[in-house]
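Right, one structure below, let's go through it.
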């Protein structure tokens with residue numbers, strides 16, 4: 001979590017219930033996409049560590065692989081967020 005920026009929990013307050021979504025083992029994973037996402041994450045880490053470029057702060061990057069589309073969705077930070085809000089304290093799934 002980048003200090004002062006929105007996080008994934010700001011968008012999705014609670015994880016889905018167990019079994020609500022298939023696991024990667026059940027649904028499958030396209031290896032090339034895993035590599036692409038890993039490369040993007042590495043570039044984001046480099047930008048933050050070196051203070052260069054414009055990191056994806058408070059923005060969610062989505063990838064629609066079949067159409068070859070990338071989209072940025074702005075995220076609003078929630079002060080009540082359990083991960084990054086004023087009184088952060090993440091609850092683990094039961």
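Just so you know, all these numbers are worked out from the coordinates, no wet-lab data involved. These numbers were taken from a predicted model, which means no experiment stands behind them. Don't worry about glycine lacking a Cβ; one is built from the backbone with ideal geometry, like all the others, and counts go over all protein chains shown.
For this structure, a couple of remarks:
- For the chain, built as a Gaussian network whose Cα springs stay under 10 Å, the top-fluctuating residue of 48, 69, 33: 69
- Per residue Cα convex hull volume in Å³ - calculated over the range 3-94: 133 Å³
- Förster-model FRET efficiency, 41 Å R0, residue 69 and residue 14, C-beta, rounded to 0.05: 0.90
- Each Cα pair under 8 Å and six or more residues apart adds its sequence gap; the mean of these over the residue count of the range 14-94 is a relative contact order of 14 percent.
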